[in-house]
Structures are given as structure tokens and as C-alpha cells.
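These notes concern the structure reproduced below.
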Amino acid sequence: MTRPSTPAPAPRLFSWGRGRARPPAARRASTRIDAADPRQHGRPAAWLAPLAAWVLPLLLVVAWEAAARSSLLSSRILPEPWAVATAFYELARSGELWTHLRVSLWRATAGFGLGAGLGLALGLLNGGSRRAEVLLDTTLQMVRNIPALALIPLVILWFGIDEAAKLFLLSVGVFFPMYLNTFHGIRSVDAGLVEMARSYGLSGWALYREVILPGALPSILVGVRFSLGLVWVLLIVAETISAQAGIGYMTMNAREFLQTDVVLVGILLYALLGKAADLLARALERRLLRWNPAYR
């Protein structure tokens, strides 16, 4: 009688264990992973990371200065960085810069507050109610496809050339990013989580506050970040409508007198304000979404 042959053991995908040497390829991969982990190198990598983001702008300024000094760039087309810095200092010293900056900041804050607040409210309403969506969303989507800048002639007819016209343009521009992101955030909340919360007795405002709003918050904050960037783009246009103060007015007035260094000061101010607004939005994300591992 012949004994049945013992079946060969199945090959193991991960055969290294305790007491066994790991294959050379695995050791190399582990070494690469350890080298890429900044925690292995201590704190310097953490504080160098924000500085690294400014390396490219500094290199561009250095290249700009070199091109200006070597006469590759005419001062009438693009003045050298030192001339722009001097114009910035003179404007700051005379107080003119702070006057225009204060007016522009007020317009941007008021326009963002009106447009984003209304967009948030309608996004929450339409995202949470099918009836409200049927009644309002189609009209809003039709209006959304009208460029805000195309409304300038009508805005001047409706509101004149006062502050109301500028605030209306800013509000319309930031309304739709906020509305769409809020609506999308509310509708993207996991239905399973909502059902589980209801099974635990949550309903009404408690369900909204504890489950729906936290779930929609990442998308809402994307809308805030996008709207904060867009408000500065629209402010440039709005401040060209017969403004008497503001960074846009300062820039357009300098263009009339061929003061290209002052024009560049205005453009760089818009860039710096946009960057500051983006940093503020990211700080808001980190604070409000500290429970989310993706935002830590």
C-alpha cells in the first residue's frame, strides 16, 4: 500500500519573519522610506518648509534685478525691483498707500461678507431641501453663467458709480463659488452616517450641527478659500469704476502718468493680499478641521 504524497506547501508572499533576514530589495525600500520621513531628521525640515516656498519668488526677483541692470529690460516697460521698493517706501511714508489699502480692504471684506454669506445660506438651504433646490437652483445656475464683468453697464445704471456698484460686483463674484461648494458639501455627506445618527435619536438642528455640517465643512472651506482669492481679482475691476480711492484707483491713476513703478506696487499689493487671504483660509481649515487627519 502506497502512502499518499504530502502536498507541497503554498508559496508565501511575505516569507520573512522573526529571526529571518529580510531580502536586500526590502531593506533598500525600507531605507528609502526612512530617508523620506521628515520625522527621522528632526525639527529643521519642519521650519525650513515654509521658507522653501519663497525660494522661487526670490529667484524671480533676482533675475528681474539682473535683467534690469544689464539693460535687457527697459525701465519704461518694467522698472527694476529697487525702483519699485523705493516707490513703495515713498507711498508708505506719505500715508497715501495706507489710505488706499484701508479702502480696498474695506471693500473686499464687505463684498466677501455679503456674497459669501448669501452663498452659504442658499447652499445650506438648497443642499438640505429638495423643494428649495427645485425652486431656486435652476435660476441660480442660469445667473451663474453670466460673467460678473458683463454686468458692469447694468450695475452702473442700477447703482450709479458709488460704493454700492463695487460691492454688488464683488458680492456676485464670490457668491457662486461659495454656493456651489456648500451645496456640494451638504449633498456629499455620507448617507450612512446620517442614518446612523438618526437611529441614535438625532434629528433637526442637532443632526445638522453634529453630523451634516461637520461632513460638509471641508467643501465649504474650499469655497471660502476660492472666494477669498476671487475677491481680489474682482476688486481690481471694481475699483476702475470711477473710484476716488483704493489700490485699483492708485494703479490706474499711476498709469495715466506713466508711473510704472507705482503700477507695479499696486499689482504686487494685490498679489500679497491674495496670498495673505489664502494663508488665512488655510489657517481656518487647520483650526476647524483639526479632527480630520488630512488637514493636520
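The values are calculated or read from the model by the stated rules, or taken from the named source; none is laboratory data. A quick note: this is a predicted structure, and the numbers were derived from the prediction, not measured. Counting neighbours? That spans all protein chains shown, and the Cβs are built from the backbone with ideal geometry, glycine included. Heads up: the accessible areas ignore ligands, DNA and RNA and are worked out on the full protein's heavy atoms, side chains in. Shrake-Rupley method; radii C 1.70, N 1.55, O 1.52, S 1.80 Å.
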Computed over region 78-289, the relative contact order (Cα-Cα under 8 Å, seq sep at least six) in percent reads 28
Everything considered on the Cα gyration tensor (a ≥ b ≥ c; rounded for a/c under 1.5, else prolate if a/b is larger than b/c, else oblate), region 172-275 must be described as prolate
At R0 = 45 Å the Cβ-Cβ FRET efficiency linking SER71 and MET142, nearest 0.05, sits at 0.25
Rounded to one decimal in nm, the spacing of the 7 Å Cα→Cβ label points at THR240 and VAL134 is 4.4
Checking rank on 184-191, 168-175, with mean other Cβ inside 10 Å and highest first, the result is 168-175, 184-191
Ordering 53-59, 192-198 by per-residue average of other C-beta atoms within 10 angstrom, highest first, gives 192-198, 53-59
Quick shape check on region 78-289: root eigenvalues a ≥ b ≥ c of the Cα gyration tensor, a/c under 1.5 is rounded, otherwise prolate if a/b tops b/c, else oblate, and it reads prolate
Once TYR179, TYR200, TYR89, TYR270 are ranked on solvent-accessible area with the largest value leading and a 1.4 Å probe, the list reads TYR200, TYR89, TYR270, TYR179
Label model pair ARG287, GLU195: point-to-point distance (7 angstrom along the Cα→beta-carbon line) in nm is 3.7
